[in-house]
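The values are calculated or read from the model by the stated rules, or taken from the named source; none is laboratory data. All values derive from a computational prediction rather than experimental measurement. FYI the Cβ positions are ideal-geometry reconstructions off the backbone, even for glycines, and counts take in every protein chain you see.
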Amino acid sequence: MEIKFDGKRALVTGAGKGLGRAIAVKLAACGAKTVALSRTQDDLDSLKAECPAIETCLADLSDWTTARQTIQGLGHFDLLVNSAGVSRVGPFLETKEEDFDYVFNTNVKALYNVSQVVAKSMVEKKSGGAIVQLSSAASTQALKDHAVYCSTKGAVDSLTTVMALELGPHNIRTNCVNPTVTMTAMGVYAWSDPAKANPVLNRIPLGRFAEVEDVVNSVLFLLSDKASYLNGVTLPVEGGLLIG
């Protein structure tokens with residue numbers, strides 16, 4: 001099944017590393033005029049060297065007003081992938097306000113802000129469009145020491161359904177991809193210890209964690225016209241983890 005985005009303009013947040021970067025590169029390969037947004041210039045420079053067709057944008061999404069102005073200045077988009085995300089790990093009883101604010105400000109507040117700006121342009125221009133959020137299987141599957149992170153992903157899932165409800169009449173589809181542990185460079189580092197990884201792997205019928213391509217392909221499918229009747233979906237990309 002070939003997916004093409006010729007004539008489409010796409011914005012990917014959190015595109016400097018990991019899944020966001022891989023998504024931006026694949027979108028460009030599929031014909032989309034892609035803008036990659038990151039808060040780290042070195043990451044954007046290396047991405048531009050890897051894929052010269054990608055337009056890059058340096059921005060810190062934690063600043064509500066500045067982020068809005070930056071996104072508005074980039075112009076109209078047909079596709080949006082909210083991939084920017086952070087985490088702070090620790091026991092529920094030891095979570096500090098600064099930890100809570102740091103994770104929620106990026107994973108929920110910034111996502112809300114960016115989506116609002118991009119969707120308003122879609123509505124005003126009557127262009128329709130597609131938005132995909134990078135959520136997580138952790139939105140419904142509790143992870144020890146991840147109380148704040150899990151909470152943000154639950155919020156993303158809920159926000160996605162409301163966006164789907166309100167934006168659907170404007171022919172704007174909003175969906176989520178909810179992967180389990182994914183073998184980005186960070187994922188390999190964080191889950192390389194068998195004592196940590198095996199209890200989770202043993203619950204996955206397919207017997208492996210997600211590869212980057214598993215998630216990227218799911219995102220591209222939901223952005224494409226092949227998924228033109230999918231709206232408000234939370235798509236689990238977790239090898240069957242949640243069925244046990």
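Looking at the structure I just gave you, is Val12 out of contact with any helix residue (DSSP H, G or I) (no Cβ under 7 Å at 6 or more places or on another chain), modelled with pLDDT of 95 or more and buried (at least 20 other Cβ atoms within 10 Å of the Cβ)? The answer is no for Val12.
Restricting the stretch 201-225 to residues that are of a type outside the set (A, V, I, L, M, F, W, C) and under 20 Å from Val12 (Cα atoms), the residue that is surrounded by the fewest Cβ atoms within 10 Å (Cβ to Cβ) is Asp225.
Scanning the stretch 11-38 for residues that are outside any strand (DSSP E or B) and of a type in the set (S, T, N, Q) yields one hit, Thr13. Taking the stretch 137-226 and the helices (runs of 4 or more DSSP H) fully enclosed by it, no element has 2 or more residues that are of a type in the set (Asp, Glu), within 28 Å of Lys96 (Cα to Cα) and in contact with a Lys or Arg (Cβ under 9 Å, 6 or more places away or on another chain). Checked against (1) crowded, with 22+ Cβ neighbours inside 10 Å; (2) more than 17 Å from the chain's Cα centre (by Cα); (3) among the hydrophobic types (A, V, I, L, M, F, W, C), Cys51 meets all criteria but (1). The C-beta contact set for the stretch 22-34 (first residue in contact (Cβ under 8 Å) with a residue 12 or more places away in the chain, second residue in a helix (DSSP H, G or I) and of a type outside the set (A, V, I, L, M, F, W, C), distance under 8 angstrom, 6+ apart or interchain) comprises Ala22/Glu213; Val25/Glu50.
Only one of the listed residues (Lys4, Lys17) is within 22 Å of Ala185 (Cβ to Cβ) and basic (Lys, Arg). That residue is Lys17. A single member of Ser158, Ser151, Ser127 is closer than 22 Å to Val200 by Cα and of a type in the set (Ser, Thr, Tyr), and it is Ser151. Using beta carbons and a limit of 6 Å, which pairs, at least six apart or on different chains, have the first residue in the stretch 167-192 and surrounded by fewer than 16 Cβ atoms within 10 Å (Cβ to Cβ) and the second one outside any helix (DSSP H, G or I)? Every condition considered, the pairs that remain are Gly168/Asn231; Asn171/Gly128. Against the conditions (1) among the aromatic types (Phe, Trp, Tyr); (2) out of contact with any helix residue (DSSP H, G or I) (no Cβ under 9 Å at 6 or more places or on another chain); (3) under 26 Å from Asn105 (Cα atoms), Tyr149 satisfies every one except (2).
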